[in-house]
Every structure is written in C-alpha cells, then in structure tokens.
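Here the structure comes first, spelled out in structure tokens, and everything after it is commentary.
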Amino acid sequence: MLDQLRSDLRFATRTLRKSPGFALLAILTLGLGIGANTAIFSVIYGVLLKPLPYADSDRLVLIRQSAPPLGRPDVGVSIKEFFTYRDQAADFDGLVEFHQMNFDLLKRGEPDRVDTGVVSPNFFDVLGIKPMVGRSFVPEDDRPGAPAVLIVSYSYWQSKFGGDRAIVGQVLEMNDRPHTVVGVLPNVPHFPQENDVYMPTSACPFRSAAQARIAENPRVFPILNVFGKLKAGVTRERAAAAVDTILRRFVSDDTAAYRPGSGFAATALDVRAEMTRNARPMLLILLGTTGLVLLIACANVANLTLARVLRRDREFAVRASLGADRGRLIRQLLTESSVLALTGGACGLLFAAWTTGLLTTFVARFAPRTGEIGLDIRVLVLTTVVSVLTGLLFGLFPALASSADYVTAMKQGSPGAGVSRRRRSLQAALVVAQVAVSVVLLVGAALLIASFYRLQRVDPGYSADRVMSAELFTNFSKYPDADTQRRFYLPLIERLEAQPGVVSVAVTNAVPLRTTQPGNTAFQIEGRLEDNIERRPTADVRIVSSGFFRTLGVPLIAGRTFAESDTNDSMRVVVINRAMTRYWNGSEPVGSRISLDGNRTWSTVVGIVGDVRAFGLDKEPIAQLYTPLRQSTQGLNGLVLVRTAGDPASAGGIIREAAWALDPEMPVQAVRTLDEIRDRYLATPKLTAVLLSLFAVLALVVTLAGITGVLATSVAQRTQEFGIRMALGASRAAVLRMVIGRGLALVVAGLILGVLASTVATRVLASYLFDTNPLDPLMFVSVCAAFTLAGVVACFGPAWRATTVDPMLALRSE
C-alpha cells in the first residue's frame with residue numbers, strides 16, 4: 001500500500017507539472033478559500049474556544065443583577081448586596097468584587113490618568129492569576145489605614161515603565177498619597193475592562209465613603225461586578241438559582257430600597273461566554289461566509305478537474321485495459337486532488353498570516369482576548385485536515401464521473417468526440433451552485449455597504465469640523481466639589497479663547513459619540529404634580545459652559561442659550577433639546593420651570609436647541625437637558641472642546657500648555673478631533689462591511705473564473721461543431737450569442753437560487769443594518785444586474801474564441 005501511495009504521489013506530481021496553468025489556478029483558488037477559513041478559525045479559537053488563561057477557568061462565573069420590567073439588563077451590584085452574596089451563597093469557593101475608577105499618577109513624566117481596577121484582596125487568587133513579578137494582594141492590604149499598594153498590569157508595565165522588573169517596591173504618587181507597587185500581572189485578558197493598575201477596595205476613597213452609608217441605603221454604590229468560583233461539582237445553573245433566591249429574599253425584606261414591580265433578578269453567567277458575547281455572532285457569520293467561499297473554491301476546482309478528466313479518459317481506458325481496476329483509478333485522481341489541496345493549504349497559511357492582523361483589529365472592538373490569537377499547532381492541524389477534506393471533496397465528483405466504458409472513453413478522447421450529458425449536467429450544476437452562493441454573499445455585502453453609507457450620512461446634529469477635544473479630569477483630592485472645579489475650568493476657557501486661531505471654547509461632561517449610555521434623571525414640570533416618582537419623565541442631563549452650543553454648532557430653535565451672566569447669583573436656567581419638548585404636550589416650554597431634585601429648586605427653561613445624536617448615529621435622539629457650568633452643583637469630569645480657524649491638530653499643544661500653566665499636575669489625555677471620534681465610532685460597521693465585501697468579491701472572482709473555465713473547455717470540445725455551423729452559413733454573431741447564451745443561462749439559474757437563499761440568509765444580518773431592509777429590493781436587483789454584467793464579461797472571452805474557428809480547418813479535421 002505504501003509503495004502504491006508513493007507511486008501515486010510521484011505520478012500525481014508529474015501529471016500536475018505537465019499542466020502548470022491548471023495546477024497554479026487550482027492552488028491559488030484553494031489557497032484563498034482555505035486561508036480565509038484558517039484565519040477565521042484562528043480568531044474563533046483564540047477568542048471563543050480557547051480556555052481562559054486562569055486556573056479552573058471553567059468554574060468562574062459572573063453574578064449579574066437585572067431589572068427586566070425597567071428595561072435594564074444590568075443594574076450592577078451594590079456593596080451591601082455583595083456582602084450578602086458573600087455571606088450566604090454556599091456554592092462558591094470564593095466571591096470577589098471589581099469596579100473601575102480613574103486616578104492620577106503623578107511625578108512620573110507627564111501626569112497620567114490611569115484606569116484603576118478596585119478589587120477584593122483575594123480577587124486574583126479566586127481568578128487563578130499569579131503575578132509574574134512580585135506578589136498578589138493579601139488581606140492585610142485591605143484593612144482601613146493600611147499602606148496603599150498597587151499591582152501593575154503587563155501592558156502598562158511595558159508602556160510606562162519599559163518592563164523594568166525593579167518596579168516592585170517602587171513608590172508611585174497617585175492622587176494625594178504614595179502607593180507601593182507589590183506586583184506585575186502576566187499578559188492576560190482583563191474583564192470586564194482593561195486596567196492599568198489595581199488597588200484593594202479600602203484604598204478607593206469613593207467606595208470607602210459609600211460603604212459607610214450602606215445601613216441607610218443598601219443600593220448605594222451599585223457599580224460592582226461580582227465574580228465567583230464555583231465549588232467542584234456545582235453546576236452554574238444551581239449557583240444561578242441560589243443567588244436569585246438570595247436576591248429575592250433581601251428585595252422582599254426592603255421594599256423602600258427595592259421598588260415593587262422592578263422585577264429585580266440575579267443569575268450566574270459563564271465568564272468566558274460573557275467576555276466574548278459581543279464578538280460571537282459576527283465571528284460565526286464570518287465563519288459561515290468563509291465556509292461558503294471554500295465551497296465555491298471546491299466547486300470551481302472540481303469543474304476544472306472534471307474538464308481534465310474528460311481529456312484523460314483515453315489514458316484511463318488504456319490503464320484499465322492493462323489491468324488497473326476502477327478503485328485504483330479513482331484513488332489516483334483523489335491523490336492528485338489531495339496534492340493540490342495540501343499545496344493550496346500551504347499557500348492558505350500565508351494568506352491567513354496576512355489577514356489575521358486585520359481580523360484581530362476587527363475583533364478587538366468586541367472582545368478583550370485578541371492577545372491570544374495566533375497560528376498555533378491547533379490551527380495548523382485544522383488547516384491540514386481542511387486541506388485533505390477539501391481535496392477529497394472536489395476530487396470525488398470528477399473521480400466518480402470518470403468513464404467506466406472503455407469504448408465510449410476512447411471515442412470521447414477522439415478529436416470529434418463530444419461530452420456526455422451526465423458530465424455537462426454535473427459541470428452546469430457546479431457553476432449554478434457557485435453563482436447561487438456568490439449571490440448570497442454579494443447581497444449580504446451590499447446590504448452592509450448600504451447600511452454603512454446611510455449611517456455615515458446621518459446628520460449628527462452638530463458640526464465636527466475643526467473641533468479638538470481633550471479629557472481634563474480634575475483630581476478629586478485637589479478639586480473636591482463644583483466650586484473648586486470651576487476655579488480651574490473657567491480660567492482655562494479664558495486662556496484658550498485668548499490664543500490665536502481659536503474660534504470658541506467649551507467645557508462639558510460629555511462629548512457626542514464618546515459615551516454609549518445616556519443618563520436617566522427624573523424631572524418635574526411645574527404645575528404637573530405627580531407624587532409617584534416612577535411616573536415622572538426622565539432626561540439625559542449635561543453640564544456645559546456658555547460656549548458649548550456655539551463650539552459644536554448646535555442650532556438654537558427658540559429662546560436663548562447660556563450667557564456668562566448665568567451664575568449662582570442669578571436665576572437658575574436650563575436649555576432643553578427638541579426631543580424633550582414632547583413632555584410639554586404641545587405647550588410652549590420656554591419660560592416654564594422644571595425641578596431636578598424633587599421640587600426643592602426650580603430652573604427656568606430659557607431655550608430649545610436642536611437634537612444631537614450623542615449616543616450613536618443609529619440611535620434616535622433622546623430627551624436631553626443642559627445646565628450651565630457656572631450654576632452646576634455637581635462635579636464633573638471635564639472635557640474641553642476647542643474650535644479652531646485652521647488645522648485643529650495645533651489645538652492639542654495649546655490645550656496642554658494652558659492646562660499646565662494653571663495646574664502642572666493636570667493630566668491631558670484622549671486628545672483627538674471630533675472627526676476622529678466619529679471615525680472610531682464608524683470603524684466597527686466599516687470593518688464589518690469591508691470584511692464581508694472582501695470575501696464576497698473573492699467568491700465572485702472565483703465564480704467568474706469557473707464560468708470562464710467551463711465555457712472555455714466547452715468551446716475547445718466543440719471546435720469542429722462551431723466550424724461546421726459557420727461553414728453551413730451560421731454567422732459569427734450567432735455563434736457568439738449561442739456561447740454567451742449558454743453561460744448566461746447558468747448565471748440566471750444561479751441568480752434565481754441565490755435570491756431565494758438570500759431572502760433567508762440576510763435575516764441574520766438584520767441586527768447589523770441601519771435604516772436598511774434585509775429584503776431591500778434595490779440591493780437584490782443591483783446585485784443581480786451586476787452579476788449578470790460580470791457574467792457577460794466572463795462569457796465573452798470563450799465566446800469570442802469560438803467565433804475565430806476557421807471552418808475549413810474544422811472540416812479538414814473532421
């Protein structure tokens with residue numbers, strides 16, 4: 001058997017070398033198909049399938065609380081609720097908490113605003129993460145008054161400290177107190193957010209202050225994520241039922257803190273599934289797409305191979321007459337197809353290595369596990385298996401179609417022979433299938449492109465041209481309240497407005513498209529007394545300086561915007577957007593008064609401005625209420641907006657100089673234009689459309705190549721027929737129409753099947769489309785028209801060659 005295999009391999013190699021054009025086309029086609037699937041699988045394995053790099057990761061769960069009747073899938077866990085779960089849940093080896101804060105790291109170069117994970121002291125022990133340098137937290141680190149300590153993430157250690165292992169033991173000044181670095185984490189994904197450093201819960205001043213109030217309000221500080229490790233043998237479903245029982249118990253015991261009808265519920269979710277929840281649907285769509293591309297490639301190579309088998313029937317007949325049985329001949333053909341597929345797989349690895357980077361960039365917007373994506377041994381094994389199966393798949397049909405009738409085979413190998421109807425039907429079926437699958441991919445890509453085009457043309461309600469933004473979040477230890485913050489932001493505005501080239505400046509607590517979730521503040525309209533707070537309307541409240549609307553170009557509809565005279569000593573005022581006017585039921589809002597604090601203070605509506613799509617271009621504007629910076633009683637994380645007369649890139653340096661002149665320890669971060677923020681927002685739908693379009697175009701090219709190949713083979717086999725037709729009076733135009741007509745008949749049949757399949761397949765994309773119907777007839781018609789035109793072009797070459805047949809040569813040959 002091994003001798004026969006070696007003989008088959010040598011013969012297959014010699015045979016393919018004799019047909020370099022066929023071999024090269026087949027290898028490239030298969031390489032693209034296999035490479036696309038390899039790249040997608042490497043991403044899916046690294047993101048969805050690979051076990052988390054934590055000890056006992058299959059036992060890790062996330063406790064999530066929700067209030068479905070209120071439309072809130074995640075309401076967070078409060079400090080007291082966490083304590084209750086920790087004390088009463090018996091199915092866990094440990095429960096730990098996490099929340100993220102932002103603090104200032106000082107006296108290490110430029111002031112740096114660091115993402116800080118605030119965690120239980122046994123957080124990393126429960127998750128099974130051991131520091132690569134130094135130690136983890138210990139219970140003593142979390143005692144009140146204990147020296148402040150930090151653990152640094154791997155990425156921040158590399159970027160900020162250059163990977164210096166001597167970082168352990170160094171003292172960093174964070175906010176207003178020293179913190180000692182005790183460890184460095186390994187390079188593992190963070191969940192639910194990426195963090196620069198970690199600190200114990202007692203070191204967070206905001207959590208500590210909230211913990212002192214849990215007796216009076218059990219829902220205080222409801223921003224915790226709670227992780228747990230299940231005891232061995234405990235199922236996630238059992239743990240979920242247990243935590244929900246605990247929640248229902250404390251909800252029923254305190255109807256003041258937990259409103260009846262809120263539908264509070266708790267469950268336990270698999271951490272790995274939650275980490276990849278946003279990425280999973282699109283990755284599976286891409287996997288299905290590349291699988292279809294591979295099927296198209298297989299059908300194309302099968303057609304090419306079938307054409308070669310026709311020319312080799314005489315060879316097989318001779319070999320059979322010399323003693324080779326049918327199984328031996330089929331094995332030889334399968335060997336040749338496997339050699340092609342394995343060589344194509346090797347090329348596919350190169351294609352996969354080239355495209356994996358693009359896919360990793362795409363997935364990084366959905367999941368934190370991109371650091372684990374790579375072409376490892378499992379991916380190589382999969383590529384090999386896929387290559388072998390592909391070779392068997394596209395080689396099987398031609399092998400079974402090889403003639404067993406020696407006499408017929410000798411005739412088909414003669415110059416005047418035609419092609420059996422069975423083979424013509426098989427070739428036609430493969431082409432029709434290719435066209436149908438390509439249409440499905442092209443329709444999906446067309447819908448995504450149309451969706452992206454419409455999304456980027458949406459009017460956001462503001463002008464982003466030549467506007468620079470920057471984060472200048474004040475340090476709570478130096479600016480503890482609204483008054484102290486104003487003493488920084490108001491002089492900053494004056495300094496920036498005095499700079500040459502600056503048109504206007506604003507400070508706000510939110511920039512459009514930078515945040516994804518709106519606020520939900522209840523308000524009362526004067527004269528409409530409603531004792532039940534649940535019935536009061538809500539709005540997203542924003543704090544803005546007087547130049548905000550001018551800087552962003554938000555149009556004024558009625559009344560006025562804020563003025564410098566709107567201070568704490570003047571009448572309290574607010575501005576509302578157009579969407580908020582619906583709460584006045586057709587009456588005039590300007591001049592009316594509203595309260596945001598339970599009727600204790602009232603503010604007069606002085607103006608109405610246009611709607612701003614602040615939380616997504618695909619989301620309808622919501623009710624928004626603006627309060628003036630000079631009257632705000634709430635602190636804010638300030639974002640500065642600067643509109644320039646020229647290139648906004650110069651504004652970054654101007655903002656830094658002005659801020660550091662007022663406070664040398666003020667971090668200035670996230671300096672980017674509003675156009676850049678918009679581009680970041682659009683990057684995900686753009687990449688989605690680009691990826692699916694690339695695979696769809698690849699499928700189209702392979703399909704058209706298949707159509708061309710089938711027609712070219714048909715023309716070569718029917719040379720004498722065309723010559724005789726023209727000798728008997730057929731015009732070249734008639735022959736041209738006949739050949740193109742045969743090709744277009746296959747295309748039309750494929751289009752019909754493809755359109756029918758697309759009406760079902762495109763529903764999968766519905767959630768990714770903006771203002772685009774998955775059954776948009778314009779997209780279907782456009783794809784069919786484009787495919788028909790491309791089909792005509794693909795058919796024209798072989799058809800033209802048919803018209804060049806010399807009738808005399810054809811008759812002489814006959």
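Numerical summary
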read-out: Rounded to the nearest 20 debye, dipole of the chain from Cβ charges on Lys, Arg, Asp, Glu; value: 3720
read-out: Highest to lowest packing among 547-559, 646-658, scored as the average C-beta count within 10 Å; value: 547-559, 646-658
read-out: The range 661-814, relative contact order in percent, only Cα pairs under 8 angstrom and at least six apart counted; value: 42
read-out: Convex hull (Cα only) mean projected area of the range 614-745, reported in nm² to one decimal; value: 17.2
read-out: Projected area averaged over orientations for the range 55-184, convex hull of C-alpha atoms, nm²; value: 10.2
read-out: Within the chain, helix-based [θ] at 222 nm, where runs of 4 or more DSSP H residues each add -39,500 (n - 2.57), nearest 500; value: -16500 deg cm²/dmol
read-out: Span-like helix ranges in the chain, DSSP H, alpha carbon extent 27 angstrom or more, Kyte mean at least -0.5; value: 20-44, 280-311, 326-363, 377-401, 421-456, 674-717, 732-761, 777-803
read-out: Dipole-positive endmost among Thr601, Pro537, Asn585 within the range 525-628 (Cβ charges, Cα centre); value: Asn585
read-out: Spatially proximal lysines relative to Lys478 (Cα-Cα < 28 Å; intrachain offsets below 8 disregarded); value: Lys107, Lys160
read-out: Overall form of the range 445-531 per C-alpha gyration tensor (a/c, 1.5; a/b vs b/c); value: oblate
read-out: Highest average packing first - 447-453, 774-780, Cβ atoms within 10 Å; value: 447-453, 774-780
read-out: Spatial separation of Cα centroids for the range 9-23 and the range 500-517, in angstrom; value: 65
read-out: Cut-off 19 Å (backbone N to label point 7 Å along Cα→Cβ of Glu110), residues of the range 192-228; value: 196-197
read-out: Highest average packing first - 583-592, 762-771, 703-712, 667-676, Cβ atoms within 10 Å; value: 703-712, 667-676, 762-771, 583-592
read-out: Amide H partners (placed H, <5 Å) of Asp93, local residues excluded; value: Lys229, Leu230, Lys231
read-out: Rounded percent of accessible protein surface that carbon and sulfur make up, the chain, 1.4 Å probe; value: 58
read-out: Kirkwood hydrodynamic radius of the range 137-276, Cα pairs, Å; value: 18.2
read-out: Whole-Hz ³J(HN,Hα) from phi, Karplus 6.51 cos²θ - 1.76 cosθ + 1.60, for the range 130-136, glycine and proline x; value: 9, x, 7, 9, x, 10, 8
read-out: Interatomic Cα distance distribution for the chain, bins of 10 angstrom, percent; value: 2, 10, 16, 19, 17, 13, 9, 7, 5, 2, 0
read-out: Rg and Dmax [Cα atoms of the range 150-230; Å; Rg one decimal, Dmax integer]; value: 15.4, 47
read-out: Reachable lysines from Lys686, criterion Cα separation under 20 angstrom, eight or more residues apart if same chain; value: Lys619
read-out: Hits among aspartates and glutamates - C-alpha to C-alpha of Lys231 under 19 Å, sequence gap 8 or more where chains match; value: Asp56, Asp58, Asp87, Asp91, Asp93, Glu97, Asp125, Asp244, Asp270
read-out: Under the Karplus curve 6.51 cos²θ - 1.76 cosθ + 1.60, θ = phi - 60°, whole-Hz ³J(HN,Hα) for the range 632-646, x wherever Gly or Pro sits; value: 5, 9, 9, x, 9, 8, x, 10, 9, 10, 10, 9, 10, 7, x
read-out: Charge dipole of the chain about the Cα centre (unit charges at C-beta), most positive-ward option of Gly348, Met808, Leu756; value: Met808
read-out: Sequence-distant residues sharing a close amide H with Val609 (under 5 Å, placed H); value: Ile557, Ile576, Asn577, Arg578
read-out: Selected from Leu9, Ile27, Ile79, residue furthest toward positive end of dipole (the range 1-145; charges at beta carbon); value: Leu9
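The values are calculated or read from the model by the stated rules, or taken from the named source; none is laboratory data. If you're wondering where the values come from, they're calculated on a predicted model, not measured in any experiment. A quick note on method: Cβ atoms are made from the backbone with ideal geometry, for glycine too, and the neighbour counts reach across all protein chains shown. Accessible surface areas use protein heavy atoms only, side chains included; no ligands, DNA or RNA. Shrake-Rupley method; radii C 1.70, N 1.55, O 1.52, S 1.80 Å.
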